[in-house]
Amino acid sequence: DVKVTQSSRYLVKRTGEKVFLECVQDMDHENMFWYRQDPGLGLRLIYFSYDVKMKEKGDIPEGYSVSREKKERFSLILESASTNQTSMYLCASTQPRDWTEAFFGQGTRLTVV
Amino acid sequence: RKEVEQDPGPFNVPEGATVAFNCTYSNSASQSFFWYRQDCRKEPKLLMSVYSSGNEDGRFTAQLNRASQYISLLIRDSKLSDSATYLCVVRSNFGNEKLTFGTGTRLTIIP
């Protein structure tokens with residue numbers, strides 16, 4: 001059974017903290033994505049990576065960075081957490097080219113207080 | 001204008017009824033189209049891909065109209081278990097592999 005696993009389901013952090021969200025996939029997928037999901041705004045792409053050590057900005061990269069040191073792991077970093085980064089964060093992975101399905105992790109509900 | 005637009009609903013529909021959702025996209029270079037389903041507090045999961053010729057999977061029918069740039073999903077004989085948020089998803093095959101999501105349409109089936 002294919003699997004994308006996010007390290008935490010729920011996380012509470014303080015303003016200004018550096019936050020790491022981890023995502024691991026066991027499908028040997030090339031592409032990995034980080035989204036955030038907010039009511040009325042849907043899923044918005046933060047960053048994506050199509051290979052190890054490669055990354056590209058999505059639609060809302062400000063305040064975030066990413067790391068992809070190994071193919072199976074894609075980390076999202078909030079350099080200095082702010083209350084407007086309170087959200088549901090979803091990681092996804094796909095095969096490269098002509099793929100037909102994106103697989104999502106279970107999501108991390110981050111609250112910044 | 002958003003790249004992918006959906007009516008957010010909510011749609012409250014009696015069990016057994018037929019319900020249809022539409023979605024419009026703005027990027028004419030978009031090549032691949034999908035409907036995802038998201039249950040409350042869960043991750044999105046693929047419901048079905050949408051092909052130019054239209055496709056059917058049991059009670060679900062998806063249609064694509066490239067000329068008008070819209071995608072539709074029809075659910076017949078709706079079940080209580082169909083209650084979920086339905087996400088319209090568009091991918092461009094040019095350049096990066098980015099997926100763009102609509103905000104989702106919330107459906108509640110009423111007994």
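The values are calculated or read from the model by the stated rules, or taken from the named source; none is laboratory data. The structure displayed is predicted, hence computed values, not measured ones. A quick note on method: Cβ atoms are made from the backbone with ideal geometry, for glycine too, and the neighbour counts reach across all protein chains shown.
What do you reckon, is residue A:60 among the aliphatic types (A, V, I, L, M) and in contact with a Gly (Cβ under 6 Å, 6 or more places away or on another chain)? Working first, answer last.
Working: among the aliphatic types (A, V, I, L, M): yes; in contact with a Gly (Cβ under 6 Å, 6 or more places away or on another chain): no.
No; evaluated as a whole, the condition is false for this residue.
Here are some residues: A:67, A:49, A:93. Which one is more than 27 Å from residue B:35 (Cβ to Cβ), surrounded by 15 or more Cβ atoms within 10 Å (Cβ to Cβ) and either modelled with pLDDT of 90 or more or touching a Lys or Arg at 6+ places or on another chain (Cβ under 9 Å) (or both)? Reasoning before the result, please.
On the way: A:49 fails: more than 27 Å from residue B:35 (Cβ to Cβ); A:93 fails: more than 27 Å from residue B:35 (Cβ to Cβ).
Matching residue, one of A:67, A:49, A:93: A:67.
Answer yes or no as to whether residue A:110 is touching a Lys or Arg at 6+ places or on another chain (Cβ under 9 Å), more than 8 Å from chain B (Cβ to nearest Cβ), buried (at least 20 other Cβ atoms within 10 Å of the Cβ) and outside any helix (DSSP H, G or I).
Details: touching a Lys or Arg at 6+ places or on another chain (Cβ under 9 Å): yes; more than 8 Å from chain B (Cβ to nearest Cβ): yes; buried (at least 20 other Cβ atoms within 10 Å of the Cβ): yes; outside any helix (DSSP H, G or I): yes.
So residue A:110 fits the description; yes.
From B:61, B:24, grab the single residue that is touching a strand residue (DSSP E or B) at 6+ places or on another chain (Cβ under 8 Å) and either more than 20 Å from residue A:40 (Cα to Cα) or among the aliphatic types (A, V, I, L, M) (or both).
Numbers: B:24 fails: either more than 20 Å from residue A:40 (Cα to Cα) or among the aliphatic types (A, V, I, L, M) (or both).
After ruling out the rest, the residue left standing is B:61.
If you check B:85, B:24, B:18, B:105, which single one turns out to be of a type in the set (S, T, N, Q), surrounded by fewer than 13 Cβ atoms within 10 Å (Cβ to Cβ) and at pLDDT 90 or above? Break it down into steps so the answer makes sense when it comes.
Numbers: B:85 fails: surrounded by fewer than 13 Cβ atoms within 10 Å (Cβ to Cβ); B:24 fails: surrounded by fewer than 13 Cβ atoms within 10 Å (Cβ to Cβ); B:105 fails: surrounded by fewer than 13 Cβ atoms within 10 Å (Cβ to Cβ).
Residue meeting the stated conditions: B:18.
Across the range B:41-59, what is the number of residues that are more than 23 Å from residue A:93 (Cβ to Cβ) and either facing chain A (nearest Cβ under 9 Å) or assigned to a loop (DSSP other than H, G, I, E, B) (or both)?
Of all residues in the range B:41-59, those more than 23 Å from residue A:93 (Cβ to Cβ) come to B:51-59.
From what is left, the residues that are either facing chain A (nearest Cβ under 9 Å) or assigned to a loop (DSSP other than H, G, I, E, B) (or both) are B:51-54, B:58-59.
Here the count works out to 6.
Within the range B:61-71, is there a residue that is surrounded by 13 or more Cβ atoms within 10 Å (Cβ to Cβ), free of Cβ contacts under 8 Å to residues at least 12 places away in the same chain and over 23 Å from residue B:110 (Cα atoms)?
There is at least one residue in the range B:61-71 that is surrounded by 13 or more Cβ atoms within 10 Å (Cβ to Cβ), free of Cβ contacts under 8 Å to residues at least 12 places away in the same chain and over 23 Å from residue B:110 (Cα atoms).
Of all residues in the range B:72-92, how many are outside any strand (DSSP E or B) and touching a Pro at 6+ places or on another chain (Cβ under 9 Å)?
From the range B:72-92, those outside any strand (DSSP E or B) are B:76-83; that's our starting set.
The next check asks that each one be touching a Pro at 6+ places or on another chain (Cβ under 9 Å); those that pass are B:78, B:80.
Residues meeting the conditions: 2.
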